[in-house]
Amino acid sequence: MEPKIVAFCCKWCSSAGADLAGTSRMKYPPNIRIIRVMCSGRIEPSYILHALELGADGVIITGCHLGDCHYIAGNEQAKKRVEMTTELLETMGIDPRRLRLEWISASEGARFASVMTDFVEEIKELGHSPLGGVS
Amino acid sequence: MNIGVYVCHCGTNIAGVIDVEKVTEYATTLDGVVVARNYKYMCSDPGKDLIRSDIKENNLDRVVVAACSPTMHEKTYRDVMEEMGGNPFLFEMANIREQDSWVHTDKDMATEKAYDLVRMAVAKVRRNEPLERIEIPVTQRALIIGGGVAGMEASLDLAEQGYEVIMVEKEQSIGGHMSQLTKTFPTLDCPMCILAPKMALHEHKNITIYSFSEIEEVSGYVGNFEVSIRKKAKSVIEDLCNGCGLCQEKCPTKVLSVYDGKLGTRKAIYTLFPQAVPRIPVLDRENCLMFTKGTCGVCKKVCPTDAIDYDQQDEIITEKVGAIIVATGYAEYDPTPIEEYGYGRYKNVLTGLQFERLTNASGPTLGVLKRPSDGATPKRFAFIQCVGSRDVNTQEYCSKVCCMYTVKNARLLRDEHPESEVYIFYTDVRSAGKGYEEFYKISQEKGVKFIRGRVSEVVGLPDDNLLLRTEDTLTGDVYEVEVDMAILACALLPAEGSDKLRDILKISEGTDGFFMEAHPKLRPVDTLTDGIYLAGCAQGPRDIADTVVHAKGAASGASVLISHTKMSLDPISAYSDESVCRGCGECKLVCQFGAIEIEPLNGRLIAKVNEVLCKGCGACVGACCNGAMSIRHFKDEQINSMIEAAMEVA
């Protein structure tokens, strides 16, 4: 079975970047399910854990580049929370490579496609999450 | 709960990859869905009619449209909901075009992904709540950043409609790059002559100009921006100065003039050019003897109105506006790094703008052609195209105006100096535009020599002449030519200070560094930040004619906004559950907009959100330690429902 990845994209930069990848007809593997939120700063560790618990093989959070956040510093909150969650994953024995944080601007359609391709490849190498099917 | 799901084919854009029939069929199996349909173009009137009639016939209260990006059509469908008496927030879009059919080629997997995206949207819409839009007042004034032709055009259009306009220009005069040019293509009229009537805008009762000023800070939001402007010290009291020019005439200090491409000098107290608006000179403190040596004072002595003030300080002015137009123009690429062209090493290698000043009647030589190296009259000219443009090592984009301004300058040389030899070394001649191709043709007929090839090297000769080496890519011959002067058609770059302004305004820039529009075709003057618009080269290279069109578009966009006294905002705002909140203030700490106050309630503290100030980012929700803070339309259960739906198997 193909791995499944949950992506949280902010409305202003990274989701617009994802749209630009589409408008430019760039290709990346279809394993990503995007949940669009207003800001990466909205993402709570519990969402990441919830996705993993339900069997997601990877979770990726994307936001505006540091300093470019539409809400000034929401992405810095995201950074802190992802760092914290990464530690938590290590403690839980889940490979922290299953969680990724990337900055992708609205003009970086190519970067969106390459980041997603790269992440899907990495997750494929890691194989299915050990939590798959727990719920 | 009656949910309708509508799957758009978008012609073949979606249906060519995703099996829309299967997705529709699948949607009917989802909890709460009473009807699912697909249609060729959901956003067309017949498409919207399907939704309208289902809302009536099937009593739909919630709708999901699986189609393009919500950036494209969320508003379209929310309007349908509203028009049919429903609540526009009981609606979700599943993006199966930009984020599915356009990025995937495997039809089965793309269809499977569409199932998931529809399921996620249905899960979310099921948990959506009806929300009421927040009404806010609109300040019916506009700020225009930049006083070039774009800023002037936009200002005049708004001022003529009766709106107050604040124009901020970083130079001491408005006029921009256009004021530097000699003649303009394809009409060969004098830029200053066609600009001067527009520059008279400083007399318009609705326009206030802050020249020699910069944007310091912008706060607020669409319809309600508060702007602080740094009015830099001119060392001249504007209300007293009558623009007589005696100070600059008598000033003993000469400085290389950047406006003249450093081909001539100006004084330490100076106006940019004779027709400057405002006609108030600025004292350049870095070069003025009063500031460098502490002695001189000639300008103060000769000023008949006692307008010189050496102790003048910068002033910070605050203005309230409803809309902002960014018209900051461009900067000319400095070709020094392209060493093979010898710019900076050979005095007779000039940039395009320098050549404009050299041939300009009010330029450093008063329009008399003289070589910078020895003052001799040049007779042989080489124009080198695409310097810093269409080049992977510098800028990949085409700067769009260089072909035509070079053709213009070459033709002028042949017209005014029929004995001159004029070569243009080009990559392609791009002369798209009304009357442009015809203009190019005429220049060929007038004897301008076009050689297709990128010059590989410019060699300085002992007599200051230049030897150019290139390959003529049409004949395959190696070509060498000796000229008296070479002019580099340098790329147009984003204006200096664009990065800082981008940070202040929180707008995006494209990979080329120019400010980014909300949509390249359909929203070319809007930014992704409501209430901020782009005009002219701030958004990308364009000529004067296109700049005027763009500026008029930006003015139109701004007036659509500020013609209203009130507007409504999406009610996506945070709120705290007072029964759970313990008033710790963690939320207030992360809020960048001052939207949260900690207030007493029945002897304890609670957080209170100001809905108008709240921008809906949700950072406070993540910071809240005990789940008191929440955000409308992106509540925990709404996001979790999407995660759960994503992980279900279709």
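The values are calculated or read from the model by the stated rules, or taken from the named source; none is laboratory data. Computed from a predicted structure; not experimentally measured. Positions of Cβ are generated from backbone atoms using ideal geometry, with glycine treated the same way; all protein chains shown enter the neighbour counts. Quick note on the areas: whole protein, heavy atoms, side chains included, nothing else; ligands and nucleic acids left out. Shrake-Rupley method; radii C 1.70, N 1.55, O 1.52, S 1.80 Å.
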Quiz prompt | Out-of-range pairs (alpha-carbon distance over 27 Å; input A:79/B:506; B:267/B:408; B:232/B:506; B:293/B:347) | solution = B:267/B:408; B:293/B:347
Quiz item: Hey, what angle do you get for helix B:45-57 against the long axis of chain B, alpha-carbon based, 0 to 90 degrees rounded to 10?
Solution: 20
Practice problem: Could you work out how far helix B:636-647 tilts from the main Cα principal axis of chain B, as a 0 to 90 degree angle to the nearest 10? | Solution: 90
Self-check item: Alpha carbon centroid spacing (whole Å) that separates the stretch A:44-99 from the stretch B:579-650
Solution: 18
Exercise. Return the inverse of the average 1/r over all pairs of distinct C-alpha atoms in the stretch B:399-558, which is the Kirkwood hydrodynamic radius, in Å to one decimal.
Key: 18.3
Quiz prompt | Protein-only accessible surface order, largest first, of A:88, B:272 at 1.4 Å | solution = A:88, B:272
Quiz item: Can you run phi through the Karplus equation (6.51, -1.76, 1.60; θ = phi - 60°) for the stretch B:483-498 and list ³J(HN,Hα) in whole Hz, with x for Gly and Pro?
Solution: 10, 8, 7, 10, 10, 9, 7, 7, 4, 8, 10, x, 4, 4, x, 4
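With a 1.4 Å probe and all protein chains left in place, how much of the accessible area of the stretch B:233-312 comes from carbon and sulfur atoms, in whole percent?
Heavy-atom surface of the stretch B:233-312 belonging to carbon and sulfur, 1.4 Å probe: 51 percent.
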Self-check item: trypsin sites (Lys or Arg not before Pro) lying in DSSP loop within the stretch B:295-358, provided at most 14 other Cβ fall within 10 Å
Solution: B:345
Quiz item: What is the list of residues in the stretch B:418-459 whose amide nitrogen lies under 20 Å from a point 7 angstrom out from the Cα of residue B:393, following Cα to Cβ?
Solution: B:425-428, B:452-459
Quiz item: Considering only B:94, B:76, B:182, whose Cα is most displaced toward the positive end of the charge dipole of the protein assembly as shown, charges sitting on Cβ of Lys, Arg (+1) and Asp, Glu (-1)?
Solution: B:182
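Roughly what % antiparallel, to the nearest 5, for the DSSP beta bridges in the protein assembly as shown? Walk me through the intermediate numbers first.
Working: 52 of 118 bridges.
Of those bridges, close to 45 percent are antiparallel.
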Quiz prompt | Label-zone membership for the stretch B:276-292, site residue B:244, 7 angstrom Cα→C-beta point, backbone N under 12 Å | solution = none
Quiz item: In terms of modelled amide H atoms, which long-range or inter-chain residues lie less than 5 Å from the amide H of residue B:629?
Solution: B:577
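Based on the Cβ-Cβ distance of residue B:449 and residue B:503, what FRET efficiency does E = 1/(1 + (r/R0)^6) give at R0 = 56 Å, to the nearest 0.05?
That pair, residue B:449 with residue B:503, gives E of 0.75.
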Quiz item: With +1 on each Lys and Arg Cβ and -1 on each Asp and Glu Cβ, how big is the dipole of the protein assembly as shown about its Cα centre, in debye rounded to the nearest 20?
Solution: 1260
Quiz item: Near residue B:155, within a Cβ-to-Cβ distance under 12 Å, what is the net charge of the other residues, with Lys and Arg +1 and Asp and Glu -1?
Solution: -2
Quiz prompt | Exposure of residue B:599 as accessible area (Å², to 10), given a probe of 1.4 Å and all protein chains | solution = 70
Exercise. For the stretch B:165-260, run through the GluC sites (Glu not before Pro) and keep only the ones in DSSP coil with at most 16 other Cβ atoms within 10 Å of their Cβ.
Key: B:238
Quiz item: Near the amide H of residue B:220, under 5 Å away, which other amide H atoms are found, from residues 5 or more places off or on another chain, if H is placed in the peptide plane?
Solution: B:226
Quiz item: Hey, what do the phi angles of the stretch B:202-218 turn into as Karplus ³J(HN,Hα) couplings, whole Hz, using 6.51/-1.76/1.60 and θ = phi - 60°, x for Gly and Pro?
Solution: 5, 8, 5, 5, 9, 10, 10, 9, 10, 8, 6, 9, 9, 6, 9, 7, 10
Quiz item: Roughly what % antiparallel, to the nearest 5, for the DSSP beta bridges in chain B?
Solution: 50
Quiz item: Given the convex hull over the Cα atoms of the stretch B:233-312, what projected area results after averaging over all orientations, in nm²?
Solution: 4.9
Self-check item: Accessible area in square angstrom per residue, chain A, 1.4 angstrom probe
Solution: 36
Quiz prompt | Among B:336, B:363, B:137 the positive-end extreme of the charge dipole of chain B (Cβ point charges) | solution = B:363
Practice problem: May I ask you to list the aspartates and glutamates whose Cα is less than 17 Å away from that of residue B:231, ignoring any residue fewer than eight positions away on the same chain? | Solution: B:169, B:171, B:214, B:216, B:217, B:239, B:284, B:309, B:311, B:314, B:315, B:319
Self-check item: Area hidden from solvent between B and A (accessible, protein heavy atoms only, 1.4 Å, total, Å²)
Solution: 4300
Quiz item: For chain A, list the DSSP H helices whose alpha carbon atoms reach 20 Å or more along the long axis and whose average Kyte-Doolittle value is 0.0 or above?
Solution: A:109-126
Practice problem: Would you be so kind as to list the residues of the stretch B:79-115 that have their accessible area lowered by at least 40 Å² in the full protein complex compared with their chain by itself (1.4 Å probe)? | Solution: B:98, B:99, B:102, B:103, B:104, B:109, B:113
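Based on DSSP H runs of at least 4 residues, each adding -39500 (n - 2.57), what is the mean residue ellipticity at 222 nm of chain A after dividing by all its residues, to the nearest 500 deg cm²/dmol?
It comes out at -13500 deg cm²/dmol, rounded to the nearest 500.
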Exercise. May I ask you to give the average projected area over all directions of the convex hull of the Cα atoms of the stretch A:63-106, in nm² rounded to one decimal?
Key: 3.0
Quiz item: So, with a 1.4 angstrom probe, what is the percent of accessible area on the stretch B:3-117 that is carbon and sulfur?
Solution: 46
Self-check item: Solvent exposure of chain B as accessible area per residue, Å², 1.4 Å probe
Solution: 42
Self-check item: Within 10 Å of each Cβ in B:519-525, the average number of Cβ atoms from other chains
Solution: 1
Quiz item: From the phi of every residue in the stretch B:224-238, what ³J(HN,Hα) in whole Hz does the Karplus formula 6.51 cos²θ - 1.76 cosθ + 1.60 yield, where θ is phi - 60° and glycine or proline is x?
Solution: 9, 8, 10, 10, 9, 10, 8, 8, 6, 5, 8, 6, 9, 7, 4
Quiz item: Residues of B:413-426, mean number of Cβ from any other protein chain within 10 Å of their own Cβ, rounded to a whole number?
Solution: 0
Self-check item: Angle between chain B longest axis and helix B:544-562 axis [Cα atoms, degrees, rounded to 10]
Solution: 40
Exercise. Using only C-alpha positions, report the orientation-averaged shadow area of the convex hull of the protein assembly as shown, nm², one decimal.
Key: 40.2
Exercise. Give the long-range amide H neighbours of residue B:386: residues separated by 5 or more places, or on another chain, with amide H under 5 Å away, using H modelled in the peptide plane at 1.01 Å from N.
Key: B:489
Exercise. List the residues of the stretch B:569-605 that lose 50 Å² or more of accessible area once all protein chains are present, compared with their chain alone (1.4 Å probe, heavy atoms only, no ligands or nucleic acids).
Key: B:592
Quiz item: So what are chain B's ellipsoid semi-axes, whole angstrom, largest first, if each one is the square root of 5 times an eigenvalue of the alpha-carbon gyration tensor?
Solution: 55, 35, 21
